[in-house]
Amino acid sequence: MMLCHSDALTQPIIDPRPELNYRTVNGKLRFIWESLPEREHYKLVLRNHSQLCQIAHRVEDMFNIIPDDVVYNDWPVSWLTGLPFCYISTGCTMVKSTLTDCPAEKVVRETWDLIEKEKCTIASLQPSMIQMLSSHCEDIPEPHWKLKVLSTTGFVRQSVMDAIGPCTDAIVTCYSLIEAGVVSRLMVTDTTKTRYTEGCVGDLTDPVRTRFDTEGPGSAKPTKIGEILLQGKLVCKEYFNDPNLTKMTFTEEGYLLTGDLGFYNEHNQLFVLGRKVDAIIRGETAIFPRDIEEKVNQCPGIWKVKVVSIKDYKNVVQMCACVIPRKDDSVTIERVKEFCRYQLGGTYDDDDNPHMPTYVFFFEEFPMHKGRVNRRMLAYMASEIVHGNVACEF
């Protein structure tokens, strides 16, 4: 039996990954661990040898891994469940490294230098890393190395597909959980990238099923956005030595509550939009702050923006855009609101578009926690301003 760990509990915490460099160890597995603050809480699931082999074989099939392949991974243990076991089951070479707190250009250049030096054929990158790569792939000097397959997970933007051609022959977007292995995957090539829809992770892999397709592959009908629930012989039934977490995470029918929001389209393809805990629910609309932040951040004069949810004096959920303006710019709150109306479709009379922030406040700095913006504290500060407990110029 083997213990496998997953990400921490529902509240977002600081990335606990060690800062990694790399070197050759026994000619096959390359990595160097350096200490960072330990993770506050692990989810642990128990796997036997047969289950580990099945999970690993899914990854092998997804990438068509052969012994001669060299697989690069930007996560110490791997966000892609089953990938760490592939070098055992296939004999391929694994290269692991992590670059943190670096400018995007430096991350892309040094990562690609490592991929070229090790002659990697497959790379597994987090969404933030692959986004940086696709945005700066034109900065990689020609001629350069080209991957066979590049994989990532989560909500993947259309712009990421720009890496197909210059950097890789294909991109695989997948949905993977430590509790279930590879749930679904979608391979995008040069001929299909223009038809890619953001958030799509393709068809479910047997034997994992959702609540909506219990009759087998292709049985799901189009659904509204909701939490993704999973069940199947490779979906774990409990967490190791944690009955309270097991009770919170599994339904009475045995479904795993993933905490991810998604839906099926008319082609039986699964879409994963993001974490339920990150979504802002306004009426019947689920809004993810990243979508609003990306658009508002395009406003001239804005340096940083974070969108949080607060309750107004009527106890109604509203959105607030918290902005740090550039010091050398004369941007005003009204100018930001006008830009939001232009980008998000609000009106001057009544900004009733659920994607339109009700409030815009300027900050000199954001509250931080272990190197990241503390959204909970930021929301509290914005709420205090709305309720008149803090003096602020609107």
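Being surrounded by fewer than 18 Cβ atoms within 10 Å (Cβ to Cβ) and part of a loop (DSSP other than H, G, I, E, B) is the filter here; which residues of segment 289-311 pass it?
N297, Q298, P300, G301, listed by residue number.
Looking only at segment 220-227, decide whether some residue is at pLDDT 90 or above, part of a strand (DSSP E or B) and not hydroxyl-bearing (S, T, Y).
Taking every residue of segment 220-227 in turn, at least one turns out to be at pLDDT 90 or above, part of a strand (DSSP E or B) and not hydroxyl-bearing (S, T, Y).
Considering every residue within segment 277-298, establish whether at least one is over 30 Å from G202 (Cβ atoms) and touching a helix residue (DSSP H, G or I) at 6+ places or on another chain (Cβ under 9 Å).
yes
From the list V188, V108, V95, which residue is at pLDDT below 80, among the β-branched types (V, I, T), outside any loop (DSSP other than H, G, I, E, B) and buried (at least 20 other Cβ atoms within 10 Å of the Cβ)?
After ruling out the rest, the residue left standing is V108.
Out of all the residues in segment 158-182, which are open to solvent by 30 Å² or more (accessible area, probe 1.4 Å) and assigned to a helix (DSSP H, G or I)?
Result: Q158, S159, D162.
From the set of residues in segment 264-283 that are in a loop (DSSP other than H, G, I, E, B) and under 30 Å from V316 (Cβ atoms), which is least open to solvent (accessible area, probe 1.4 Å)?
Checked segment 264-283; the qualifying residue least open to solvent (accessible area, probe 1.4 Å) is A279.
Quick grid of which residues meet (1) within 22 Å of V95 (Cα to Cα); (2) without any contact (Cβ under 8 Å) to a residue 40 or more places away in the chain; (3) of a type outside the set (F, W, Y):
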residue: L114; (1), (2), (3): yes, no, yes
residue: K117; (1), (2), (3): yes, yes, yes
residue: L125; (1), (2), (3): yes, no, yes
residue: M132; (1), (2), (3): yes, yes, yes
residue: S135; (1), (2), (3): no, yes, yes
residue: E142; (1), (2), (3): no, yes, yes
residue: V156; (1), (2), (3): no, no, yes
residue: V160; (1), (2), (3): no, yes, yes
residue: P166; (1), (2), (3): yes, yes, yes
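Inspect segment 143-157 for any residue being open to solvent by 30 Å² or more (accessible area, probe 1.4 Å), hydrophobic (A, V, I, L, M, F, W, C) and not in a loop (DSSP other than H, G, I, E, B) and give the result as yes or no.
no
The values are calculated or read from the model by the stated rules, or taken from the named source; none is laboratory data. Being a predicted model, the structure only gives us computed values, none of them experimental. All Cβ positions, even for glycine, are placed from backbone atoms using ideal geometry, and neighbour counts span all protein chains on display. When the accessible area is computed, the model is the full protein with side chains, heavy atoms only, and any ligands, DNA or RNA have been set aside. Shrake-Rupley method; radii C 1.70, N 1.55, O 1.52, S 1.80 Å.
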